[in-house]
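The structure appears right after this line, and notes come after that.
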Amino acid sequence: MDTYMKLTAYGDNPEAALDMAEEKITELEELFSVTLSTSDIGRLNSSMGVPTEVDDQTSALISRSKILSEKTDGAVDITVYPLVREWGFTTGNYSVLSSERTEELLKFTGSSYISVSENTVTIPENFQLDLGSAAKGYAGEKAAEILKEAGISSAIMNLGGNIQTVGEKPDGSPWKVAVTDPLSPSEVICTISVRDKAVVTSGNYQRFFMGEDGRKYCHIIDPKTGRPVDNGLASVTVIGSSGTDCDLLSTALFVMGEESAVEFIKENSGFDMLLITEDGRVIITGNIFNDTEFTEKEIKNNAEVIV
């Protein structure tokens, strides 16, 4: 998953529980990695359209990704890997794609073309999958399940910025999760109090490059245009019970843009959102507003609270 992770647990024999959680995350890495030819994703990407049997965890995550893609009108899509790669976000060889090349690659995208039948997955020839928009969220969710089964009632995991909590702090207080200020990435804009929730942020402030045209190109690709998202949003944080869904939705809502993201959250219960625009505005759902501590009173006073 190409990132650092920190897992912390409290209780009886937490070391053994954490070892099992680590083993699960390593197992998922070996199934989901887009760079390992022996992984399920590696085998699917070289399958040339032939139906391929995969682990049940892989088929489950692909199915969930397809559902969220449909629910968000294609705003998140696990088939955009060829575009992500050619823009240079996987290799570091950054390049602003021409309209012609972008249109050519878009022909080989679309989650609706993926077929899942129990543990058999079929993708069209020349399609390639990347579970980067869901894998860390899924891994955190599964690790949390393992910790709970092992009797752990208090834990926090940071999987490359994806936060997954189990229960609350040992003293009974909520976990406080810091949210980076996307306009000043070395600083924190607020902390959100949560219990037994996942907190996932997508933004344009970590992985990006500056083109020769002077424009900033972030790593999140809009599946409809094939180009990096540039819609006035700086970051989107999603809070919910399912780490998998939070991971997928943070990307989807970032792609949607401010207006559509707000409408989606209003129409779909079970999630909270903190949205920060490139002009410094903060939009936050009312459920978490009172449990969020902003670094500056002015930010909280000017925040737009949505129901």
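How large is the helix-only mean residue ellipticity at 222 nm for the chain, computed as the sum of -39500 (n - 2.57) over DSSP H runs with n ≥ 4, divided by its residue count, in deg cm²/dmol to the nearest 500? Provide the component values of the computation, followed by the final result.
Working: 10 runs with 104 residues, N = 307.
Helix contribution divided over all residues of the chain: -10000 deg cm²/dmol.
How much length is gained if the chain between Asn268 and Asn93 is pulled fully straight, taking 0.36 nm per residue apart and subtracting their Cα-Cα distance, in nm to one decimal?
Numbers: separation 175, 0.36 × 175 = 63.00 nm, distance 3.87 nm.
59.1 nm is the gain from fully extending Asn268 to Asn93.
In which sequence would Cys190, Cys246, Cys218 go, from the one with the fewest C-beta neighbours within 10 Å to the one with the most?
Numbers: Cys190 24, Cys246 29, Cys218 21.
Ascending number of Cβ neighbours within 10 Å: Cys218, Cys190, Cys246.
Full extension from Glu278 to Glu100: what is 0.36 nm times the residue separation minus their Cα-Cα distance, to one decimal in nm?
Working: separation 178, 0.36 × 178 = 64.08 nm, distance 2.92 nm.
Between Glu278 and Glu100, full extension yields an extra 61.2 nm.
Could you pull out every residue, at least 5 positions away or on a different chain, whose amide H is within less than 5 Å of the one on Arg227? Hs are placed 1.01 Å off N in the peptide plane, and Pro or chain starts have none.
The answer is Asp222.
Going 7 Å from the Cα of Ser241 along its beta-carbon direction, which residues of segment 146-178 have the amide nitrogen within less than 15 Å of the resulting point?
Label zone hits: 165-167.
Subtracting the Cα-Cα distance from 0.36 nm times the residue separation, let me have the gained length for Asp55 to Thr225 in nm, one decimal.
On the way: separation 170, 0.36 × 170 = 61.20 nm, distance 3.19 nm.
Residue separation times 0.36 nm, minus the Cα-Cα distance, leaves 58.0 nm.
Tell me, what ³J(HN,Hα) does each residue in segment 68-85 have, in order and in whole Hz, if you take phi through Karplus 6.51 cos²θ - 1.76 cosθ + 1.60 with θ = phi - 60° and put x for Gly and Pro?
5, 5, 5, 5, 9, 6, x, 5, 10, 8, 7, 9, 8, 3, x, 6, 4, 5
How big is the C-alpha Rg of segment 174-306 next to the rule-of-thumb value 2.2 N^0.38 Å, as a ratio?
Values: Rg = 14.3 Å, N = 133, 2.2 N^0.38 = 14.1 Å.
Cα Rg divided by the expected 2.2 N^0.38 Å: 1.02.
Which value, in debye to the nearest 20, describes the size of the charge dipole of the chain about its Cα centre when Lys and Arg Cβ atoms bear +1, Asp and Glu Cβ atoms bear -1, and nothing else is charged? Walk me through the numbers on the way to the answer.
Working: 25 positive and 49 negative charges, 65 e Å.
In total the dipole reaches around 300 debye.
For a footprinting-style exposure proxy, rank Trp175, Trp87 by other Cβ within 10 Å, fewest first.
Numbers: Trp175 22, Trp87 25.
Sorted ascending by nearby Cβ count, the order is Trp175, Trp87.
Can you give the log10 of the normalised intensity I(q)/I(0) at q = 0.11 Å⁻¹, computed with Debye over equal Cα scatterers of the chain?
Normalising to I(0) and taking log10 leaves -0.68.
How many angstrom lie between the Cα centre of segment 273-294 and the Cα centre of segment 172-202?
That distance is 11 Å.
Work out the length of the dipole vector of segment 8-122 about its Cα centre, built from +1 on the beta-carbon of each Lys and Arg and -1 on the beta-carbon of each Asp and Glu, and round it to the nearest 20 debye.
Values: 8 positive and 20 negative charges, 123 e Å.
It comes to approximately 580 debye.
With 28 Å as the limit, write out which pairs from Lys6/Lys224; Lys136/Lys176; Lys176/Lys297; Lys66/Lys300; Lys176/Lys216 have Cα-Cα distances beyond it, or answer none. Write out the running numbers ahead of the final one.
Values: Lys6/Lys224 35 Å; Lys136/Lys176 20 Å; Lys176/Lys297 18 Å; Lys66/Lys300 36 Å; Lys176/Lys216 32 Å.
Lys6/Lys224; Lys66/Lys300; Lys176/Lys216, as the Cα separations exceed 28 Å there.
Can you put Val80, Val50, Val238, Val116 in order, fewest other beta carbons within 10 Å first? Don't jump to the answer; show the numbers that get you there.
Details: Val80 26, Val50 11, Val238 30, Val116 17.
By the 10 Å Cβ count, ascending, the order reads Val50, Val116, Val80, Val238.
Please give the FRET efficiency for Thr38 paired with Asp73, using the beta carbon to beta carbon distance and R0 = 30 Å, rounded to the nearest 0.05. Let's see the in-between values first.
Details: r = 34 Å, r/R0 = 1.15.
Efficiency at R0 = 30 Å is approximately 0.30.
Laboratory data are not the source of any read-out in this text; all were calculated from the coordinates shown. Please read these numbers as outputs of a predicted model, since none were measured by experiment. So basically every Cβ, Gly included, is an ideal-geometry build from the backbone, and we count neighbours across all protein chains shown.
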